Every structure is written in C-alpha cells, then in structure tokens.
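Take a look at the structure below.
The values are calculated or read from the model by the stated rules, or taken from the named source; none is laboratory data. All of these numbers come straight from a predicted model, not from anything done at the bench. Cβ: placed from backbone, ideal geometry, glycine included. Neighbour counts: every protein chain shown.
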Amino acid sequence: MKFAVVVFPGSNCDHDAYHVAKDVLGADAAFVWHKDTTLAGADVVVLPGGFAHGDYLRTGAIARFSPVMQEVKKFAAAGGPVIGICNGFQVLTEAGLLPGAMLRNRSLQYQCEHVYVKVEQTDTPFTLACRPGQVLRIPIAHGEGNYYAEPDAIERLEKNRQVIFRYTDAAGVATENANPNGSLNNIAGLCNEARNVVGLMPHPERACELGLGSADGLILFESVVKAVSEGAFASVRK
Amino acid sequence: MAVIDHQVLERHGVTEEEYGRIVEMLGREPSLTELGIFSVMWSEHCSYKSSRVHLKTLPTTGRRVLQGPGENAGAVDIGDGLAAVFKIESHNHPSFIEPYQGAATGVGGIIRDIFTMGARPIALLNSLRFGSLDEPIVRRTFAGVVAGIAGYGNSIGIPTVGGEIGFDESYTGNPLVNVFCLGIAKADEIIKAAASGAGNPVYYVGAKTGRDGIHGATMASAEFDEKSAEKRPAVQVGDPFMEKLLLEACLEVMKSDALVGIQDMGAAGLTCSTCEMGSRGGVGVEIDVANVPQRETGMTPYEIMLSESQERMLLVVKRGREAEVERIFEKWDLHAVKVGEVTTDERLRVKDHGKVVADIPNRALTDEAPVYRRPMSEPAYIREVQQLSLAALGAPAPAADVFRRLLASPNVASKRWVYRQYDHMVRTNTIVVPGMGAGTVRVKGTKRALALSVDCNARFVYLDPFRGAQLAVAEASRNVACAGGLPIGATNCLNFGNPEKPEIMWQFATAVAGMGAACRALDVPITGGNVSLYNETDGNAVLPTPTLGVVGLIEDADRVVTRAFKAAGDVVILLGDNRDELGGSEYLKVMHGLIRGVPPSLDLDRERALQHVLVGGAAAGIIRSAHDCAEGGLAVTLAESCFDTGLGVEANVAGVETAAKGFSDIATVFAESASRVVVSVAPEHAQDLISRASAAAVPATVIGRVGGNSIRVSIDGRIVIDESLGVAEQIWSSAIGKYFEPRKAIAQDHVR
C-alpha cells in the first residue's frame, strides 16, 4: 500500500499528506517531484495543498504542465485513485481531470477555519468507509475556493452524483451560512464521472489526529486504504 | 569621483564626526560606494550603536542556550537532540509606507533568519500595534498589514499560530509590525553564518538584485514626517514563492557537508552579508559585482551593494564541491552564481569587472562601528502621568456597562477577523490555535510541544519603563506557562522613539534594565532579537513597546492546556490576588480616555512560583483550562474562558478595598494586577491544585463553577455582571470585523 505525494514547487501541504500516510496510517509513502515521469509504483496519488508556482497565475494553471501530470492522467485514466486537496483540487480542474473552476472566496479574504462537510456519496475510493450523510469537521484554508461551473455542468454533476462533499452546518444541512466561500450548491468536493478522481477544498490531512482538534478527515485515507487492499484497483499498478 | 560634502553625508545619515572616523580607519577619503557601505553598516538598524551598551546587560546564557545573540537567530535545547531556533524582528517603517509589502517582507526576512541556521521553520507569530480603527488611514494600514502577513506566510506554508494586537493613538502614523519565527533543527547541526577557508567560493542564490530597498536600513533609522510616502521606493516587494524554493533548496544543501556558511541578505543586503560572514570567520570576502545577477541594467556597484531586494542568500561552499551545490539549486529552478571567494585578509573587497571599488577592513564595519552612550534624562511626563485621582473622575459607571464596553474594545475583542486570514494549521503541528491562549506546536517525532507567546502592555511601559518591561516578561512567560510550557528562552523586539532625545534614551535604557532583571528572576535568557528606534511621526514617539517573545517547553503534548472552560461543573480557581491597581488599565483608557497611574506591582518570586504551579498542574493533568488576567482584568478573563466552548460561569469574589471611594467594584473585576490566572479543574482535583499553590505560597481561591449560559460575576455575594453568553460573545466577536463591513466604513468616512 503506497501513497505518492506529488511535490510541485510551492506545494506546502506535501509533508502533511506524507505524514498521514506514513505515520498515522503506517502505509508506505513517497514524494514524487513534479518533473518526475513515474509515480513510484504507488497505489494512490495525492496532489497536496499549497501554492504551486506561487499561484501567481490562476491557481494550478502552471502546475498542470508539469511532466508528472502526464503520469497522473494515465494513472487516473486507468482507474487509479487520485485525490486533489485544496491547491491539488485546483490543479485537477486546470488539468481537465475534474470540471469547473475556483473563484476568489466571497469574502475576498483567505480563510482558515474549521467547517462542516457532509459526505454526499460513498461510492468513491475516498468515501467508501463513510456513512451516507456523515458530517465531518475538517478545516479549510484557501483564498480561492469558491467553486464555479456553468449551470448545465452543475446540473450534470448533481445528476451524476459527482458532488461528494457539501458544506453544511453541524447537523448536515446545506445552508447559506454554512457555505464559507460562496461555492455553487455548497460544493466542497467532487469526483469525475469514473468516480476514481476526487478533489476537495477542505484539508482532511489536517484532521487526522485528535490532538489537532479533529480526526474526522482520517476516514478519507482509511477509505482508500480499504479500497486498495480489497483489490479494487489492482489492475492500475504496474 | 563624486565629492563627499555635507549634503552627501546628510543624505547618508552619516555625521561629520563619523565621517572623520571613516577617513581615519581607511587612511584616505572613501569612495561613494564605500561611503554607502559605511552608512548602512553604521546605521542604527545594523550597528545598534545607540542600544548596544544597554543590550549587553541582558542575560543571554543558560543551561539550555545553544546560541545566544550574534548569529541570525538564537537557539535553545529542547531535548531529543533538537533545538528550537527563534527570533523576533520588526518591520515597522516599511509597513507604514506600504502596509502589504512592508509586512510581507517582514515575514520573509525573519523566516530567512531561521532557515539560515539550518532549522525548518514551523511557526510564526506577530505582535502588531496600530492607531485607532476609527481612522480610515489606520483601517487601511491594519487591513494591509494583516493581508501582507497572510499573503506571505500562507504561501510559503508556515503557520501563523498566535500573536497580539494593540491599538493606541500613538501608533497612528507609525504602526509596529514585529514578526516572530520559530524553527526546529538538530542541536548538533546548527549552521553558522561564518565564512572560512581562503579560496572557498562565495555563491549568490535567489532573486535578482534590483534597485528596490536601497537605503532601507537608513530609512528605518530615521523619523517619519509628511514626506515619508516619498520613500516608497525604499520598500521591497516580497516573493514568497521564491523564498519557498530557497527554503527547500537551502535545507537540502545543508544536509550535505559541502556548505561552509550561509547568511541571508536582509537589511543592507550584500554589504551586510559579505562583511559579517567575513568578520565572524576572521577572514575576508572578495566579490565582483559584475557577477551579481541583476534585474535592471546599468546598476552601479553602489546600488548593487546597497540593494535590499528580497529573497537572496549568500553561501560559502567548500572548494571542489561546487557542482554538488549547484545541482541542488538547479533542481529547484534556482541559479546559484559564484560571485567571489574567501580571502585571508579580513577585508571586504568589492570589484566591478575586476576593478576595486571598495576595500574596507571588516572590523571597521562591524566590531568597530560607532557605539554611543547617548545622554539620558527621565522624561518630565512620568511624574505627571503617574498621578491618578480616581475620585476626580466622579462616580464610575456600573460594572455591567463597563463590561460591555471593554468587550467591544479592539484591544480586548476577538481577533478572529485577523487570524482567520492566516493559515494557522499548515504543517499539522498546531495543537493550540490562535484565540485559545499561547499558540502551541507539537514537535513531530517527540512527545514534546512548544508554547509560544509574544506580549507587551505598552501603557505600563509608558507609565513606568522599568516595571512595564518586567510586566511584559512576566506576561509572556505566564502565557506559555498557562499552556503548560516551562519558559526556556526569549527574544525581544524593542520599539522606541528617537534615541537622540535623552528622554527616549532613558525610556529605552530603563526598560532594558527592567527586562533584564525580570528575565534573570524568571530564568528566561534572551537569545537575540531586534531593536527598532526612531518610531516617531512629526516628533511624537510611539508608546515605548519592548515586546517579548517567549518559548515554553511542554514535555507531554497531550497535556497542553488552553484557556477555554471544558466542562460544566468544573471548579473555577483564581491563582493570585485581586488588588486595587487600576493604573494603566483598559478600563481607564476606554471609560475615561486616560493612560495614567502606576502600573500593577510585580513580585517576581511570586510570579515564578505561580508559573511553576501552572506547569506542574498541567503536567499532572489536573488543570483543564488556564487563562491569565490581562487587559480588562478578571471579568474579561472569565468571559474569554467561556467563549470557545459556550460554557457559562458563575463566580463570586471578595471586593477589594480601594483608596478611592466607590471604585471597589471596578477595581475588583477590571484591575489588571499581575500574577493572576483563572484556572478550571474537575471538582476532584480542586484540592490538589490548591495544595500545590499553597506549597508554593501562591494564593488560590475557589471563585466559582463552570456552567449555565451566562457570565455571572458577584462581589461578596452581590451580582455585578450578569450577561447572557450569546450577547457577550456577539459584542466581543464582532467588534473588529464591524470596522470592515463595506457600507458602514464608507458611511463613517463620509461623515468625517
């Protein structure tokens, strides 16, 4: 069981994802440099948070050209589980692996705080251990997490059950107040049509140990460990 | 060659007398480039020429101190073979001129100081001071500074885990932006900023050199006036992405043994890094500015040597190992360029295409820079402001009304509007987040954690610099002790006015003396820091603000304590005494617009004993919450302990006797007497804590219980404050944000 954590110049949650894989889950983990052309034989690929290339252009807009992204695309196309967290989610949308785009937060400020997200779908490798409708307390930390897609794209996402996480209150109700950044339909995370590529703005890797205020995020990583160990993606690994 | 006349000297901030010394040291007239080099190295900012004689009196050694002042940062031993490397630094002047970039580059600068020591930076804090938020210019500065800190820290991925913010009119035209950074290094792998080995190549890496920031150090050594905005070109622009690359690449280079020494280019840029590295190593450094990567064409050696462009590092590499080092930087898309080499002759020699343009003995720029014992005299204001006649203020408002006013005061109110903009969780070490007490980070790979606090009540220092500085040390140490951290080291940032005024110099010297005395008594050595003088606008100095950053060591991270009450039914205990001490209080400022009286008394032995009770109680796992009494006194402390978990409190205390009739209620709940902490414990542990306190001769009084949904405070059984938790929290949490609600702010501007 091996996690590959992709490191773009400017990634800054790479160590955090690595720590969860290695020290919390006891899995194998490797950093993969963005210029690398292999994924180190990993079972799961993590695109971590941060400010790839400084986010001086649109977030994720430069990172999508990194050589490693060709490998990530191949891995995803073969059905391998890929998760993009925060900046990683932004990279996935820029790379065309997930639909939509991120606007600046409605507040026009960077926001770092705990929020509640509801698990809308459990048939993805990163949510299969969750209860349907389970509410997780996980932090966000972003300036551009205001999810946007054209109305027909949103409709398609909803129809295909691709919205995996939604901002809600503690009771799991998707209210306007519970939406921290203005995302359409309170969307906090989604998957591709094949359901193996997941992106989300909140940081589950920051909520994997009780000492940090919440361990609710761990279930995403446990899910994918379960998925992989049950052989769901055996054909992907070369 | 340009003629160096009176005007040229004035522009460089060099006095005629200092110029005489330069000529004497060189044995000739300096070139303009050399004059520029002297002017920045001899500026107050770099030379500490006014402060040095006083700083020498501070305690800087101790059992755990691995590195005291003199390097890029201090370091203390935290066990497990690890060192905490930390320092605080000011970026006041640039932050007034250009708030966003001024603050951002302040963050960038202190981070470089930490990783230059071979430490991985893991936490940032800041101590900020502004004028009143009622002023549009202050709102602009405040919002810009906060955004700048966020912009840099968030991008580079180092969490801002705590800090403090104060407001006073004296900072309107001269905000204070002090940034603290802490990193972790292996104790035996701390890297020094010294050059050695004649013939070893000197490398430059990072951003290209531009014309930005020329004379930044000299700017920071002069007062502000209405022309200050014209100095904007002297402020640099930060590039956190570049620094992130430098950080990672430098840490990677340091893992190899190809590196001899490294220093960042901060104030005085290339000049400071070359002569200081040479001086520390007892060698010389020779560079050719033609090899320095330049952003603009036609830059002169003068400009290149004095530029303060950000995100640049100077390295000395072992000869023969160049390719190794270059390869690591290339991986990070950085280009390391050889700009010179180490020599034996203890001189800084600068060439331009091979022609010598500056040739100065290192010592002339460093150890032999001027030192002034400036004249001092006690300011006349002190005796006047220490007079406080409460009786003359008339009958005080009811405590319940005062309570609401204090909760709404920006000094007391929640700073969530600010810290929500800071990534305070990245690196997943933050076990106490901002707004919950001392920011605390765990040390991965160990059981330990570090509690960090920066503090200074500048009103107290203004009223009595000696005691005020002692109180700052006590408060910062007490805050880390509340979290369960044993204070093991400190760094200071001394923000004062113009030292050429004897009254300011007296404030400075007296405060440093007080700080030293308190640090000795509390066993908290100062391992480094920064002095910021000339914090004046149009001749008016800021309140003297000697800020202290303290590092506290928590042996068991699982036992960390926050300020929030944890469970209904817990017993609330006050450690320490309530006293008739309203001098310098938030009460006087908010209700009467006064900064008067004498600051609270401080018994350093009592303070130390209190801190030991806190650390011991936390380690034993019996203290469930701890929060010290500061601005707003006991009532505010109780309220803040309620807010996070939404648990109310019911407390009853004995009224204090006051000299002024009618002020007993006010003094009892709003005085800011030192050495007091409100703790909560499970009922079965109350006696244990009280016994521990009494063994240490620390007063401990059960004052109430956690529970309910109101904050109810009685004096001798008579309710004086009974506020619903929801209302109190609403007042407290919205006080700062409401200044930035767009429509309201516009309306206020319009009225003005």
**OP:** Counting only residues that are away from chain B (no Cβ under 14 Å) and modelled with pLDDT of 95 or more, give me the strands (runs of 3 or more DSSP E) lying completely in the range A:127-212 with at least 3 of them.
**Re:** A:146-148, A:163-168, A:187-191, A:197-200
**OP:** Can you confirm whether the range A:220-233 contains a residue that is away from chain B (no Cβ under 14 Å), free of Cβ contacts under 8 Å to residues at least 40 places away in the same chain and small (Gly, Ala, Ser)?
**Re:** yes
Original post:
Among the residues of the range B:564-573, is any at pLDDT below 95 and under 20 Å from B:Leu406 (Cβ atoms)?
Top reply: no
Original post:
Pick from B:Leu35, B:Leu9: which is surrounded by fewer than 21 Cβ atoms within 10 Å (Cβ to Cβ) and part of a helix (DSSP H, G or I)?
Top reply: B:Leu9
Original post:
In the range B:658-673, which residues are out of contact with any Ser or Thr (no Cβ under 7 Å at 6 or more places or on another chain) and either surrounded by fewer than 20 Cβ atoms within 10 Å (Cβ to Cβ) or not polar (S, T, N, Q) (or both)?
Top reply: B:Ala659, B:Ala660, B:Lys661, B:Gly662, B:Phe663, B:Asp665, B:Ile666, B:Val669
Subject >> the range A:167-214: number of residues that are farther than 18 Å from A:Gly88 by Cα, surrounded by 16 or more Cβ atoms within 10 Å (Cβ to Cβ) and either within 16 Å of the chain's Cα centre (by Cα) or of a type in the set (Asp, Glu) (or both) >> reply: 4
Subject >> Residues located in the range B:687-706, provided they are touching a residue at least 40 places away in the same chain (Cβ under 8 Å), of a type in the set (Gly, Ala, Ser) and farther than 10 Å from B:Val571 by Cα >> reply: B:Ala693, B:Ala696, B:Ala697, B:Ala700
**OP:** Would you check which residues across the range B:376-389 are surrounded by 12 or more Cβ atoms within 10 Å (Cβ to Cβ) and in a loop (DSSP other than H, G, I, E, B) and list them?
**Re:** B:Met376, B:Glu378, B:Pro379, B:Leu388
Original post:
So which residues in the range B:620-640 are within 19 Å of B:His685 (Cβ to Cβ) and part of a loop (DSSP other than H, G, I, E, B)?
Top reply: B:Ala620, B:Gly621, B:Ile622, B:Ile623, B:Arg624
Original post:
Which ones in the range B:590-619 are in contact (Cβ under 8 Å) with a residue 60 or more places away in the chain, in a loop (DSSP other than H, G, I, E, B) and not polar (S, T, N, Q)?
Top reply: B:Leu594, B:Ile595, B:Arg596, B:Gly597, B:Val598, B:Pro599, B:Pro600, B:Leu602, B:Asp603
**OP:** Quick one: B:Tyr587 ticks every box in (1) assigned to a loop (DSSP other than H, G, I, E, B); (2) over 19 Å from B:Leu725 (Cα atoms) except a single one, so which number is it?
**Re:** (1)
Original post:
Across the range A:28-37, what is the number of residues that are over 19 Å from A:Gly10 (Cβ atoms) and out of contact with any Lys or Arg (no Cβ under 7 Å at 6 or more places or on another chain)?
Top reply: 1
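One line per residue, one yes/no per condition, for (1) at pLDDT 95 or above; (2) over 16 Å from B:Asn495 (Cβ atoms); (3) assigned to a strand (DSSP E or B):
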site: B:Ile158; (1), (2), (3): yes, yes, no
site: B:Gly166; (1), (2), (3): yes, no, yes
site: B:Ser170; (1), (2), (3): yes, no, no
site: B:Gly183; (1), (2), (3): yes, yes, yes
**OP:** For the range B:421-480, name all the residues that are among the basic types (Lys, Arg), over 26 Å from B:Val385 (Cβ atoms) and in contact with a Pro (Cβ under 7 Å, 6 or more places away or on another chain).
**Re:** B:Arg427
Original post:
Residue check: is B:Ile149 in a loop (DSSP other than H, G, I, E, B), of a type outside the set (Lys, Arg), within 14 Å of chain A (Cβ to nearest Cβ) and touching a residue at least 40 places away in the same chain (Cβ under 8 Å)?
Top reply: no
Original post:
Can you tell me how many residues in the range A:62-109 are within 14 Å of chain B (Cβ to nearest Cβ), among the small types (Gly, Ala, Ser) and surrounded by fewer than 24 Cβ atoms within 10 Å (Cβ to Cβ)?
Top reply: 2
Original post:
Which residues, taken from the range B:7-43, are over 18 Å from B:Tyr302 (Cβ atoms) and either at pLDDT below 90 or among the small types (Gly, Ala, Ser) (or both)?
Top reply: B:Gly20, B:Gly27
Original post:
For B:Val356, all conditions in the list (1) at pLDDT below 95; (2) over 24 Å from A:Pro9 (Cβ atoms) hold save one; what is the number of the exception?
Top reply: (1)
